Amino acid sequence: MFTKTAQESHASLRRVSAQIISSFILSLLALTMVAGKAHAQIVGSLEVNVPFQFHAGDAKLPAGKYLIHRLDDSDLTVMEITSVDGSTSALFEVQAARAKSAPAQSELIFNKYGSRYFLATLFDEGNESGSQVVESRYEKRISRENTSAEQHPVSARHVR
C-alpha cells in the first residue's frame, strides 16, 4: 500500500512539474511576441508624396505630401502622419514588420482593394525591419469583400 501511494505521489508531482514548465514556456513565448510587436523600426521621419486618396488606420486622407514619424520615442506602437501644409493629421497603430530584403530606398506599401488604398507597411532605406500598420475594422471588411488585393509601393525620402 505504501509503495502504491508513493508511486501515485511521484506521478502527481511529475504532472504538476510538467504543468509549471509548460506555463513558464508559454509565458516566455507570449512576452517575446509582445516585445516583437511593440518595436517599430522607423527612425526619424519619412516624407512622401502620395498620389491618391488613402486610409491610414481609421483616418481617410487626401492625396498629397506627408511627413510620417513615431509619435513618441517611449511608445513605439503609434505613428503620426501629417500633411506638409499642416492641414491634415492622423495617428495610427503599428507593429514590427520584416521585409524579404532591405529596400534600396525608403518606401510605403499600400494595400489596394478596388479603388481604395490602405497604408500597410513602412520601411527605411537599407533596413529589413519596418512598421506594419494595424488593420482597421474598415480595411478588414473591405478585404473580405474584395478577394483580390494588390500591393502598391510609393517611394519616400528619409528626413531626420
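Checked against (1) of a type outside the set (A, V, I, L, M, F, W, C); (2) modelled with pLDDT of 95 or more; (3) farther than 23 Å from Lys140 by Cα, Thr32 passes all but condition (2). When restricted to residues that are of a type in the set (Asp, Glu) and surrounded by fewer than 18 Cβ atoms within 10 Å (Cβ to Cβ), region 106-144 contains 3. Assess whether Val84 counts as being touching a residue at least 40 places away in the same chain (Cβ under 8 Å) and either closer than 14 Å to Leu46 by Cα or touching a Cys at 6+ places or on another chain (Cβ under 9 Å) (or both). So Val84 fails the test.
So that you can scan it fast, the table gives a plain yes or no per residue for (1) under 14 Å from the mean Cα position of the chain (by Cα); (2) free of Cβ contacts under 8 Å to residues at least 60 places away in the same chain; (3) within 25 Å of Ile142 (Cβ to Cβ):
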| position | (1), (2), (3) |
| --- | --- |
| Ala63 | no, yes, yes |
| Ser74 | no, yes, no |
| Glu93 | yes, yes, yes |
| Gln105 | no, yes, no |
| Leu108 | yes, no, yes |
| Lys112 | no, yes, yes |
| Arg116 | no, no, yes |
| Ser129 | yes, no, no |
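Does Leu67 satisfy being in a strand (DSSP E or B), of a type in the set (A, V, I, L, M) and modelled with pLDDT under 90? Here the answer is no, as Leu67 does not meet what is asked.
Here is a yes/no grid of residues against (1) in contact with a Leu (Cβ under 6 Å, 6 or more places away or on another chain); (2) β-branched (Val, Ile, Thr); (3) farther than 21 Å from Leu61 by Cα; (4) part of a loop (DSSP other than H, G, I, E, B):
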{"position": "Ala104", "(1), (2), (3), (4)": "no, no, yes, yes"}
{"position": "Tyr117", "(1), (2), (3), (4)": "no, no, no, no"}
{"position": "Glu135", "(1), (2), (3), (4)": "no, no, no, yes"}
{"position": "Glu139", "(1), (2), (3), (4)": "no, no, no, no"}
{"position": "Ser148", "(1), (2), (3), (4)": "no, no, yes, yes"}
{"position": "His152", "(1), (2), (3), (4)": "no, no, no, no"}
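The values are calculated or read from the model by the stated rules, or taken from the named source; none is laboratory data. Note that this is a predicted model, so its numbers are computed, not measured. A quick note on method: Cβ atoms are made from the backbone with ideal geometry, for glycine too, and the neighbour counts reach across all protein chains shown.
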